[in-house]
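Worksheet: the structure to be examined is printed underneath.
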Amino acid sequence: MEKVKLFGTWSSPFVKRIVWALNLKNIEHEVIYEDLANKSPELLKYNPIHKKVPVLVHNEISICESLVILQYIDETWKNTCPLLPKDPLDRAKERFWARFGDEEVLPSFFGYVMKKGKDQEEAKETTLAHLKRIEQLLSEKKFLSGESFGFLDIAFGWLAEYSHPLEVVAGLKLLDEDSFPNLCAWKDRFLEIPAIKESWPDQETLIAKFQESKDGSGK
Amino acid sequence: MADEVKLHGVDGSPFVCRVKIALNIKKIDYKYVVEDLSNKSADLLKYNPVHKKVPVFVHNGNSVSESLVIVEYIDDAWKAVPILPQDAYEKAQARFWAKFIDDKCIPALFKAIGSHGEEQAVAEAHEQLQFLENELNVKGKKFFGGGDINLVDIAATFIAYWVGAAEEALGIKLVSKDKFPKIKEWDGNYINSQVVKDGLPPREILVAFFKKRFGNA
């Protein structure tokens with residue numbers, strides 16, 4: 001009997017990815033919600049280096065870093081809902097873009113929302129440029145992974161689920177349908193996937209949380 | 001039909017070196033295209049329009065960028081002599097450590113080098129290196145990959161070779177034998193492996209680079 005635990009927070013986009021993957025593959029699991037201001041001894045034991053969430057614990061062995069965890073899940077539970085493509089080149093492309101998303105797109109989007117004044121203006125330009133690249137990736141494709149959703153859609157899923165609350169806090173709609181028709185259509189398709197839909201976070205609570213972070217940032 | 005394999009790079013880049021080592025391990029013939037980063041080739045800009053950086057790997061006209069993505073691609077596409085472990089958990093561990101080296105170790109070491117061995121910067125680099133030291137200690141083997149070189153060893157090439165050149169160029173000590181005995185031992189094993197030796201640039205180039213970039217005026 002497999003024992004799967006996920007250490008996380010309800011609002012982290014990195015944790016969300018793992019919840020989606022576990023749900024898509026019908027993997028029974030327990031979620032342990034952490035208070036990041038008061039981390040549990042278990043979290044610190046399972047992720048002593050980064051002390052962050054998400055951490056996946058599978059039969060007492062721990063895996064950290066969300067994209068590493070996603071690939072672990074895909075390689076361990078191979079028979080249901082494969083996430084990464086089979087072809088090496090397609091896999092390389094998805095890994096490249098997932099990394100780009102995490103290192104460039106997500107920080108700039110979140111940064112744009114949290115910043116003020118001139119910093120915000122600059123962050124906005126960078127974010128828009130990044131979003132244009134993703135928009136291009138979706139030309140003639142239903143999902144980022146191709147005809148059906150996969151690893152790359154999950155990696156960018158934060159854009160589908162978090163863009164609205166982030167835009168409310170920023171006071172500006174970044175993902176508008178005129179500039180980003182492909183991304184907006186993708187967003188709707190992604191959110192309709194049953195395993196994604198059932199874990200839709202409460203939007204109002206997310207807005208409140210991001211607003212609190214922004215007000216508290218003092219920048 | 002023979003594969004067409006090209007690698008765009010510069011000699012001084014530890015990231016390009018990772019790819020060379022992977023190609024050596026797999027005994028893949030390739031054409032090495034030296035780039036001038038102040039005057040990037042049209043091909044480089046075509047193959048890596050997002051970052052416009054090296055290394056860029058081109059296999060039968062298809063390009064792959066980002067050194068660790070390239071190494072995994074090479075491992076996926078050429079099955080002989082695996083670079084990543086077969087077991088899913090071991091694979092996850094290898095990816096974790098490779099990412100740790102990229103995200104934490106190398107930036108901290110670069111900061112320590114750039115500051116000419118300033119105390120705080122060195123302390124921060126040591127904090128990250130200690131995790132690697134512990135990992136080697138726990139594993140108790142020749143390489144991060146055990147008996148053979150794996151993704152983690154390749155990711156750590158900068159630590160094995162570039163750091164030593166920087167130490168020489170700037171007259172500083174970053175990784176000492178008494179503080180990091182396991183890393184130094186690993187270093188020696190790694191640099192002396194033929195597949196690595198064949199991919200490393202001449203040390204003088206790196207020493208000259210560090211002197212020029214960070215040396216006193």
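The values are calculated or read from the model by the stated rules, or taken from the named source; none is laboratory data. Values in this document were obtained by computation on a predicted structure and should not be read as measured data. Neighbour counts run over all protein chains shown; Cβ positions are idealised from the backbone, glycine included. For accessibility, only protein heavy atoms count, side chains too; no ligands or nucleic acids. Shrake-Rupley method; radii C 1.70, N 1.55, O 1.52, S 1.80 Å.
Placing unit charges on each Cβ (+1 for Lys and Arg, -1 for Asp and Glu) gives segment B:1-145 a dipole about its Cα centre, and among B:Ala77, B:Val50, B:Phe144 the Cα reaching farthest toward its positive end belongs to B:Ala77. Chains B and A together bury roughly 2300 Å² of accessible surface, counting both sides and using a 1.4 Å probe on protein heavy atoms.
What does the charge dipole of chain A about its Cα centre add up to, to the nearest 20 debye, if the Cβ of each Lys and Arg holds +1 and the Cβ of each Asp and Glu holds -1? Dipole about the Cα centre, nearest 20: 440 debye. Take the Cα of A:Glu30, step 7 Å toward its Cβ, do the same at B:Phe131, and the gap between the two points is 2.7 nm. Inverting the pair-averaged 1/r between distinct Cα atoms of the protein assembly as shown gives 23.3 Å as its Kirkwood hydrodynamic radius. Put one equal scatterer on each alpha carbon of segment B:1-62, apply the Debye formula with no solvent term, and list log10 I(q)/I(0) at q = 0.25, 0.29 1/Å to two decimals. Those come out to -1.10, -1.35, one per q.
What average number of partner chain Cβ atoms lie no more than 10 Å from the Cβ of the residues making up B:103-109? Present the calculation step by step, with values, prior to reporting the outcome.
Details: counts 3, 2, 0, 0, 0, 0, 0.
Other-chain Cβ atoms within 10 Å of each residue's Cβ, averaged: 1.
Cα centroids of segment A:67-141 and segment B:1-77: 22 Å apart.
On a per residue basis, segment B:19-80 carries 45 Å² of accessible surface, using protein heavy atoms and a 1.4 Å probe. Using a 1.4 angstrom probe on protein heavy atoms only, which residues from segment A:68-117 are buried by at least 40 Å² of accessible area when all chains are present rather than their own chain alone? The answer is A:Val68, A:Tyr72, A:Glu75, A:Pro88, A:Leu89, A:Ala92, A:Arg95, A:Phe96, A:Arg99. Counts of other chain beta carbons within 10 angstrom of each beta carbon in peptide B:91-102 average 5. Here the Gaussian network model covers chain B, with springs between Cα atoms less than 10 Å apart; of B:Val122, B:Val34, B:Val54, B:Val34 fluctuates the most. Expressed as a whole percent, the accessible area of chain A that falls on carbon and sulfur atoms is 51 (1.4 Å probe). Along the axis of the charge dipole computed for chain A (Cβ charges of +1 for Lys and Arg, -1 for Asp and Glu, origin at the Cα centre), the listed residues A:Pro41, A:Tyr72, A:Leu106 are led at the positive end by A:Pro41.
I'd like the Kirkwood hydrodynamic radius of segment A:1-126, using the inverse of the mean 1/r over distinct C-alpha pairs, in Å.
So the Kirkwood estimate lands at 16.1 Å.
Comparing B:Leu37, B:Leu129, B:Leu174 in a Gaussian network model of chain B (Cα springs below 10 Å), the most mobile by mean-square fluctuation is B:Leu37. Under Stokes-Einstein, with the Kirkwood radius over Cα pairs standing in for Rh, what whole-number D in µm²/s applies to segment B:47-171 at 4 °C and 1.567 mPa s? Using the Kirkwood radius from Cα pairs, D works out to 81 µm²/s.
I need the shape label for chain B. Rule: rounded when a/c is under 1.5, else prolate if a/b > b/c, else oblate, with a, b, c from the alpha carbon gyration tensor. Oblate shape, in that a/c is at least 1.5 and b/c is the bigger or equal ratio. Ranked from largest to smallest solvent-accessible area, with a 1.4 Å probe on the protein heavy atoms, A:Asp215, A:Asp178 come out as A:Asp178, A:Asp215. Computed log10 I(q)/I(0) for segment B:170-217 at 0.15, 0.26 Å⁻¹: -0.56, -0.99, from the Debye equation with unit scatterers placed on every C-alpha and solvent omitted.
Here is the size of chain A from its Cα atoms: Rg then Dmax, 17.3, 55 Å. When only Cα pairs below 8 angstrom with a gap of at least 6 residues are kept, chain A shows a relative contact order of 20 percent.
Over segment A:107-183, consider all pairs of different Cα atoms and compute the Kirkwood hydrodynamic radius from their mean reciprocal separation; express it in Å, one decimal.
13.0 Å
Coordinate range of the alpha-carbon atoms in segment A:148-199 per principal axis, descending: 30, 22, 16 Å. Of all the options B:Lys79, B:Lys179, B:Lys141, the one that moves most in a Gaussian network model of chain B with Cα springs shorter than 10 angstrom is B:Lys79.
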